[in-house]
Amino acid sequence: MRTARFFVPEEWLALSAEAFSIPAGSIHRQIVGVLRMKVGEHISLCPNDGSEIDCVITEITRAAILGSIVGKKTEKPLRPDVVVCAAVTKRDTFEWTLQKCTEIGASAFIPLMTDRVIKKTKDIPPRWLDIVREASEQSGRTMLPIIHAPMSLKEAMEKTKKFDRIVLHESVGKSSTMPTVRPMDHMALFVGPEGGFTDEEILSLAEGKSTVVQLGDLVMRAETAATVATAMIRLS
């Protein structure tokens with residue numbers, strides 16, 4: 001059985017004392033009420049710094065879960081570094097993009113407010129943060145991807161000006177080869193909404209020294225294209 005993993009605040013861990021404390025709250029309820037874990041069982045706690053702490057539960061009360069730290073391992077940052085700049089689509093499809101690209105290894109997300117985005121927003125819904133946290137815990141990540149505040153295409157291009165940009169567009173004319181990615185590259189993947197980027201947006205991206213590609217000879221949904229392209233970059 002896999003060890004349960006949780007991202008926790010650093011202050012819950014007392015590394016020098018080799019102890020931890022999880023106060024009453026959502027993680028406490030998950031461990032006690034959902035997973036029904038007992039004293040003596042192992043859990044892994046991640047303080048979002050690249051490390052994973054192996055812990056043993058020694059006491060469970062209504063106020064807190066207490067235990068000892070028995071091991072620690074540190075993972076290297078995921079490479080290549082992939083920022084997924086995805087236009088905000090319908091709630092379920094955008095959440096699917098966040099979940100699957102997190103599992104594949106995206107390092108950050110920039111929600112795009114492009115011309116064809118139907119529902120504009122300036123906020124990061126708490127549910128988005130929950131989705132990337134849960135996907136990170138499930139997939140074995142030791143650092144959470146960052147979700148930047150929603151921004152315009154122009155703002156996203158400025159934010160990623162030091163990155164190699166790949167733009168997905170279904171009207172390139174034919175299937176295009178993805179650029180060769182080196183392990184240490186910093187990549188920004190731009191994905192449009194339902195209906196794709198406008199001609200003006202594609203022109204702006206192309207003039208910004210972006211590589212415009214088409215994936216295969218079929219038109220993919222936005223969330224499918226984002227996931228496939230992230231996998232191609234990460235696993236190339």
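The values are calculated or read from the model by the stated rules, or taken from the named source; none is laboratory data. Computed from a prediction, not measured in an experiment: that's the story for all the values here. Here the Cβ is made from the backbone with ideal geometry for all residues, glycine too, and neighbour counts use every protein chain on show.
Scanning the stretch 193-236 for residues that are touching an Asp or Glu at 6+ places or on another chain (Cβ under 7 Å), of a type outside the set (S, T, N, Q) and closer than 22 Å to Lys154 by Cα turns up Gly196, Glu201, Ala222.
For Cys85, the stated conditions do not hold, so it cannot be described as surrounded by 18 or more Cβ atoms within 10 Å (Cβ to Cβ) and not assigned by TED's automatic domain parsing to the domain that holds Met220. Across the stretch 10-59, which residue is modelled with the lowest pLDDT among those that are surrounded by fewer than 17 Cβ atoms within 10 Å (Cβ to Cβ) and of a type in the set (Val, Ile, Thr)? Ranking the qualifying residues of the stretch 10-59, first place goes to Val34.
Between Ile65, Ile69, the distinction of being on the phi < 0 side of the Ramachandran plot, assigned by TED's automatic domain parsing to the domain that holds Gly33, crowded, with 19+ Cβ neighbours inside 10 Å and not hydroxyl-bearing (Ser, Thr, Tyr) belongs to Ile65 only. Only residues that are over 24 Å from Phe163 (Cβ atoms), among the basic types (Lys, Arg) and surrounded by fewer than 14 Cβ atoms within 10 Å (Cβ to Cβ) were counted across the stretch 96-147, and they come to 3. Being free of Cβ contacts under 8 Å to residues at least 40 places away in the same chain and more than 30 Å from Met113 (Cβ to Cβ) holds for only one residue in Glu52, Glu59, Glu75, and it is Glu59.
Residues that are closer than 17 Å to Leu112 by Cβ, among the acidic types (Asp, Glu) and either surrounded by 21 or more Cβ atoms within 10 Å (Cβ to Cβ) or in contact (Cβ under 8 Å) with a residue 40 or more places away in the chain (or both) within the stretch 177-236 comprise Glu194, Glu200, Glu201, Glu223, listed in sequence order. Filtering the stretch 19-36 to residues that are in contact (Cβ under 8 Å) with a residue 24 or more places away in the chain and over 15 Å from Leu66 (Cα atoms) leaves only Leu35.
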